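Down below is the structure, laid out as structure tokens.
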Amino acid sequence: MTNLGDLVVRKSYGGDVTFRVESIQRNEAMIKGTEFRLLADAPLHDLVKVDPASPSEKARRARIKATESLKRLHRDRQEQTERNQASLGNPLWYAQNEPSYFEVPGKVLHLDGDERYLKKSLELYEKLRVPVHGYYVAESQMASVLYRLLPSIHPDIVVITGHDGVLKNRPHADLYNLTSYKNSSHFVEAVQTARQYERNFDALTVVAGACQSHFEALLQAGANFASSPSRVLIHALDPVYIAAKVSFTSIRDTISMMDVLNNTISGTQGVGGIETRGSYRIGLPKLKDLTTLKVVPSM
């Protein structure tokens, strides 16, 4: 017997992805991926309950890659500190082996169509010390919510994500039609709203999409980074890794495309994008209270 909240896999797909049962109607269940941003429906007879302590092989590999990606981001931060010290050069700017400069990483506005994923994302942003405003918003409402939030938050980076997927029984030729996707059209509208607010791709970095999203349409709408070039599943935290990389890459530098994409769990099949400058700045002298610093973009 399948119940709400159960962790399940689909027999017809070889049990490759673990899902949580979100709703049940008659003999059909709406299921959401626990590791991957995939929304699907499935007949109850196709679902098999699984032990949370025994993840699928695909989930296990994703968790290993997630740990490696986090370590790589931490190494990037250490190397950045060393570059900051080398660029300042003057030992007078250091006291008690601590740099006396202050950091202004890029600020993120993250809209997520999945409340659980949003919570996981915010926890990772906190670990990486990325300033963030996070909101749980249904995909269909993201464009209107962005329209209201952008002028008040003034983010450097916008993440637009949630759940998506190719609708069932669509021929391959239809993969370039927005109507073949659950939520790609909503993501496109949200990206267009962000670009109406700020047209400069370096002043506002837009990261958009979820599992199997219409990659080309998202880029055409104005995203810097988007999923999914090969229409594959993307990991729940892939958008966070990209946003964190942008947040802590200097405004003097263009983000290394292969570097940022290799930081994702899905790789270049899951995420792609265009050359983009970072949003990170340093300042002197070190502030005693960073809350007094308000960086407001020029109009």
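Suppose a student asked you for the relative contact order of the range 152-274, using Cα pairs under 8 Å spaced at least 6 residues apart; what percent would you report? Numbers along the way, then the final one.
Numbers: 227 pairs, mean separation 30.6, N = 123.
Over the range 152-274, the number comes to 25 percent.
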(message) As I understand it, the value is the acute angle between the Cα axis of helix 238-247 and the longest principal axis of the Cα atoms of the chain; what does it come to in degrees, rounded to 10?
(response) 10
(request) Round to the nearest 10 and give me the degree value, 0 to 90, for the angle of helix 142-153's Cα axis relative to the longest principal axis of the chain. (result) 20
(request) Please compute the net charge surrounding T161, taking Lys and Arg as +1 and Asp and Glu as -1 over other residues with Cβ under 11 Å from its Cβ. (result) -4
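Of the accessible area of the chain, with the probe set at 1.4 angstrom, what percent is carbon plus sulfur? Each step should come with its number before you reach the end.
Working: 7710 of 15050 Å².
Carbon-and-sulfur percentage of accessible area, whole number: 51.
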(request) Determine which residues of the range 255-270 fall in the zone a paramagnetic label at F201 would reach in this model, i.e. backbone nitrogen under 16 Å from the point 7 Å along Cα→Cβ. (result) 255-258, 260-261
(request) Calculate, in nm to one decimal, what H45 and A138 gain on full extension: separation in residues at 0.36 nm each, minus their alpha carbon distance. (result) 30.6 nm
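For S23, what is the net charge nearby, where nearby means another residue's Cβ is under 13 Å from its Cβ and Lys, Arg count +1, Asp, Glu -1?
Working: positive: R20, R26, K32; negative: D6, E22, E28, D41.
Spelling it out: positives minus negatives among the neighbours equals -1.
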(request) Positive end of the charge dipole of the range 59-283 (Lys, Arg +1 and Asp, Glu -1 on Cβ, about the Cα centre): tell me which of Y241, S69, A208 has its Cα farthest that way. (result) S69
(request) Go through 260-268, 140-148, 180-188, 237-245 and give me the packing order, highest mean Cβ count within 10 Å leading. (result) 237-245, 180-188, 260-268, 140-148
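Which FRET efficiency value, to the nearest 0.05, do you get for N27 and R129 by plugging their Cβ-Cβ distance into 1/(1 + (r/R0)^6) with R0 = 51 Å?
Calculated value: 0.60.
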(request) Enter the angle in degrees (range 0 to 90, nearest 10) between the Cα long axis of helix 57-88 and the first principal axis of the Cα atoms of the chain, meaning the one along which they spread out most. (result) 10
(request) Please grab the % of Cα pairs in the range 6-49 that end up more than 16 Å from each other. (result) 20
(request) Could you check which residue among R77, R37, R170 shows the biggest mean-square fluctuation in a GNM of the chain with a 10 Å Cα cutoff? (result) R170
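How large is the helix-only mean residue ellipticity at 222 nm for the chain, computed as the sum of -39500 (n - 2.57) over DSSP H runs with n ≥ 4, divided by its residue count, in deg cm²/dmol to the nearest 500? Numbers along the way, then the final one.
Values: 7 runs with 95 residues, N = 299.
Computed mean residue ellipticity for the chain: -10000 deg cm²/dmol.
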(request) Return the distance in nm (one decimal) between the two label points of a simple spin-label model at N177 and R75, each offset 7 Å from Cα along Cα→Cβ. (result) 4.6
(message) So I have [x] 41, 26, 16; [y] 37, 21, 17; [z] 32, 25, 15, and one of them is semi-axes √(5λ) of the Cα gyration tensor in Å calculated from this model. Which one is it?
(response) [y]
(request) Kindly report the accessible area of the range 110-208 per residue (heavy atoms of protein chains, probe 1.4 Å, no ligands, DNA or RNA), in Å². (result) 48
(message) Highest mean first, how do 205-217, 13-25 rank when packing is the count of other Cβ atoms within 10 Å averaged over residues?
(response) 205-217, 13-25
(request) Could you size up the charge dipole of the chain around its Cα centre, putting +1 on the beta carbon of Lys and Arg and -1 on that of Asp and Glu, and report it in debye to the nearest 20? (result) 300
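How much length would be gained if the chain were fully extended between N84 and M258, taking 0.36 nm per residue of separation minus their Cα-Cα distance, in nm to one decimal? Before the final figure, lay out the partial values.
Values: separation 174, 0.36 × 174 = 62.64 nm, distance 2.27 nm.
Contour length minus Cα-Cα distance gives 60.4 nm.
Does the range 176-285 classify as rounded, prolate or oblate by the C-alpha gyration tensor (a ≥ b ≥ c root eigenvalues; a/c under 1.5 gives rounded; else a/b over b/c gives prolate, otherwise oblate)? Could the numbers behind the result be given before it?
Details: a/c = 2.47, a/b = 1.49, b/c = 1.66.
Oblate shape, in that a/c is at least 1.5 and b/c is the bigger or equal ratio.
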(request) Return a whole-number percent for the relative contact order of the range 6-49, with Cα pairs under 8 Å and 6 or more residues apart as the contact set. (result) 38
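The values are calculated or read from the model by the stated rules, or taken from the named source; none is laboratory data. Here the structure is a predicted model, which means the values were calculated and not measured. Here Cβ is always computed from backbone atoms with ideal geometry, including for glycine, and neighbour counts include all displayed protein chains. To get the accessible areas, we keep the full protein, side chains included, count just its heavy atoms, and leave off ligands, DNA and RNA. Shrake-Rupley method; radii C 1.70, N 1.55, O 1.52, S 1.80 Å.
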